[in-house]
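We did not get these values from a lab; they are worked out from the coordinates using the rules stated. Values in this document were obtained by computation on a predicted structure and should not be read as measured data. Cβ coordinates were reconstructed from backbone atoms using ideal geometry, including for glycine residues, and neighbour counts include every protein chain displayed.
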Amino acid sequence: MSETSDRAGSPPPRRAGVRTLEGPGTYRTFDEVQEILSPAEQRLERMRRTVGLFLGPVAGVVVYLLTGSLDAPAQKLAGILTFVIVYWITEAIPIPVTAVLAMALVVIVDVAPAADVFALFGNSTLFVFVGGFIIAESMRKHGLDRRFAFAVLSVPGVGTSTVKVIVAFGAITALLSAFVSNTATAAMMMPIAAGIVAFLAGIMAAQSGEEVDPRRLRFATALMLMVAYGASVGGLLTPVGSPPNLIGRGLIEEATGQTIPFFTWMVLAFPIVLVMFVALCVILVGLNRPEASRIDGVEEYVRQERAALGPMGRGGRNTLIAFAVAVVLWVTPGAVALVTGGEGPVYETVTARLNEGAVAIVAASLLFLLPIDFSRRQFTISWNDAARIDWGTILLFGAGITLGSLLGSTGLAKTIGGALSDTLGVSSLLGLTLLATVVAVIISETTSNTASVGVVVPIVIPLAEAAGVNPVIPAVAAIFGASFGFMLPVSTPPNAIVYGTGMVPIMKMVRSGVVFDVIGIVLIVAGVMAMGSLLGLG
């Protein structure tokens, strides 16, 4: 690839016969998603959003009237939160818009003063989002995603087996998603997967002499679902891998004062993600066994694609430098903690100075400083490139932290936690962790995983505290469970992206999603409890 094409970072052309949703947008209106839905699904989606549009305000007013026994701020907040939850679940309007509207309502009805409400947008985690998203945009622009994918697929022996291709693609997607948002990862891996499916379909047609529809191949279904599910599973590995991780971690810190460092999160998540990935491979290959066990000629296809990319340009190298700086500085406090035992002036100084938000901004700023062509004042990324990042998630994070904080300061969280504890009779660490995971998974099937975290984590924390249980483990389990929306196209953006190709029949997505949801709940509960206790989080 020349320096010019490296700077342009233009996406690969869309292959004939494959429908896609352009761009990795996370919060889509009905008119933006209807093209990937069948007529029956369109009717259900239209009804869901329309009912929610009118139900939200009505439900908010009803809850406000029914909670007259609470203090005035808590009563008002209960009504607003009910309205917010209904709008989040039904997606009557874009989820970030609902979140910032709730903040405005909190000020207008005098739950809290504006200075207190909007001050929480200064949370340092918000800047982890900003920096991480900018680095991810630079990766997309300079084609590092495609380089990495084709490099792995060119490993000897991988390209000859359909099962190995599926597993390798899942590994690539999961690893990328650990540092790039799962939505962006799925969006950039999907065209590569579609190309391999089309290539296999061409080989099968040549061998059989009959036309082969790539959208009807079991191999296509397995590979596309691996892209979607692998992105969601891999996103659990680091705090920056998926927006729910940062949002949930911020809510935990705000409510309990306990911070989960970047390195500690990775140590906690790694064995869980590894076992989940193995289970995912077994499930997808078992339920969607490829038509052929071997693919002759894939090595040549991958070789041609890599040759078309050409040598890495300066923009790609600069992006790798910025990414490496971010990762090294993010994990340094955890590494120092291993050496010092998490005590002493060195550890305290490193932890205080290498704040994750500050590190993210420094690394992202390098992209505006490292030149591609200094004589023309062209740098690795421009502000217009950076402006394309997912600002909706950033707004949602700030609003979510604010609402979670108000739940605590008004006493509403304690009231909800006590009521749930009395009603459900769940008071053990195992029971609370299981409850939090199941509820998060169920909610994530019907709405955004970011919204699921915003609903479940602020409730499970006071519920655990009311039961006398450390809330961190149930809250982390809820964060992981929020990424397990695998049954429907609307459950997560990666699901919608691969469903839009036409290669994933809805019933096959539901079947695979149900099985993986159930197995995932077991793995999350067992894994988070075991690793959390080992790391002293419980």
Seminar exercise, completed: Charge dipole of segment 31-127 built from unit charges on the beta carbon (Lys, Arg +1; Asp, Glu -1), centred at mean Cα; most positive-end Cα among Ser69, Ala114, Ile89 is Ser69
Exercise. How far is helix 218-234 tilted off the main Cα axis of the chain, in degrees rounded to 10, range 0 to 90?
Worked result: 40
Exercise. Hey, what's the per residue convex hull volume over the C-alpha atoms of segment 27-111, in cubic angstrom?
Worked result: 74
Seminar exercise, completed: For Arg294, other-chain or 5+-apart residues with amide H closer than 5 Å (H placed, Pro excluded) are Thr162
For this session: Could you point to the residue in Asn470, Leu101, Ala413 farthest towards the positive end of the chain's charge dipole, with +1 and -1 charges on the Cβ of Lys/Arg and Asp/Glu respectively?
Result: Leu101
Seminar exercise, completed: Given Cβ charges of +1 for Lys and Arg and -1 for Asp and Glu, the option among Val346, Leu429, Gln378 whose Cα lies farthest towards the positive end of the dipole of segment 336-477 is Gln378
For this session: Sort segment 199-329 into rounded, prolate or oblate with this rule: let a ≥ b ≥ c be the square roots of the eigenvalues of the Cα gyration tensor; rounded if a/c is under 1.5, and if a/c is not under 1.5, prolate when a/b is larger than b/c, oblate otherwise.
Result: oblate
Exercise. Separation of segment 246-287 and segment 376-436 by C-alpha centroid, Å?
Worked result: 16
For this session: Using θ = phi - 60° and the Karplus relation 6.51 cos²θ - 1.76 cosθ + 1.60, list the HN-Hα couplings for segment 96-106 in order, rounded to whole Hz, with x at every Gly or Pro.
Result: x, 5, 4, 4, 6, 5, 4, 5, 5, 5, 4
Seminar exercise, completed: The long-range amide H neighbours of Ile372, using H built 1.01 Å from N in the peptide plane and a cut-off of under 5 Å, are Gln378, Phe379, Thr380
Exercise. Within the chain, which is the longest segment containing none of the GluC sites (Glu not before Pro) that sit in a DSSP loop and have at most 13 other Cβ atoms within 10 Å?
Worked result: 344-538
Seminar exercise, completed: Treating only Lys and Arg (+1) and Asp and Glu (-1) as charged, each at its beta carbon, one finds that segment 284-411 has a dipole about its Cα centre, in Debye to the nearest 20, of 360
Exercise. What lysines sit close enough to Lys164 to cross-link, taking a C-alpha to C-alpha distance under 26 Å and skipping anything fewer than 8 places away on the same chain?
Worked result: Lys508
For this session: Sort the following peptides by mean Cβ neighbour count (other Cβ atoms within 10 Å, averaged over residues), highest first: 58-65, 368-375.
Result: 58-65, 368-375
Exercise. Can you give the net charge of the other residues whose Cβ lies under 14 Å from the Cβ of Ile461, counting K and R as +1 and D and E as -1?
Worked result: -1
Seminar exercise, completed: For segment 27-111, the dipole about the Cα centre with charges only on Cβ (Lys and Arg +1, Asp and Glu -1), to the nearest 20 debye, works out at 160
Seminar exercise, completed: Quick calc, the chain, dipole around Cα centre from Cβ unit charges on Lys, Arg (+) and Asp, Glu (-), nearest 20 debye, gives 960
For this session: Using the number of other C-beta atoms within 10 angstrom as an exposure proxy, rank Leu268, Leu55 with the fewest first.
Result: Leu55, Leu268
Exercise. Tell me, Leu77, Leu144, Leu53 in order of fewest to most beta-carbon neighbours within 10 Å?
Worked result: Leu53, Leu144, Leu77
For this session: State, as an integer percentage, the relative contact order of the chain based on alpha-carbon contacts under 8 Å between residues 6 or more apart.
Result: 22
For this session: May I ask you to sort Ile521, Ile442, Ile247 by Cβ crowding, counting other Cβ atoms within 10 Å and putting the fewest first?
Result: Ile442, Ile521, Ile247
Exercise. Once you sort the root eigenvalues of the Cα gyration tensor of segment 384-538 as a ≥ b ≥ c, which label holds: rounded (a/c under 1.5), prolate (a/b larger than b/c) or oblate (the other case)?
Worked result: oblate
Exercise. In segment 67-151, which chymotrypsin sites (Phe, Trp or Tyr not before Pro) fall in coil by DSSP and have 11 or fewer other Cβ atoms within 10 Å?
Worked result: none
For this session: Determine which lysines satisfy two conditions relative to Lys76: a Cα distance under 24 Å, and not lying fewer than 8 residues away in the same chain.
Result: Lys414
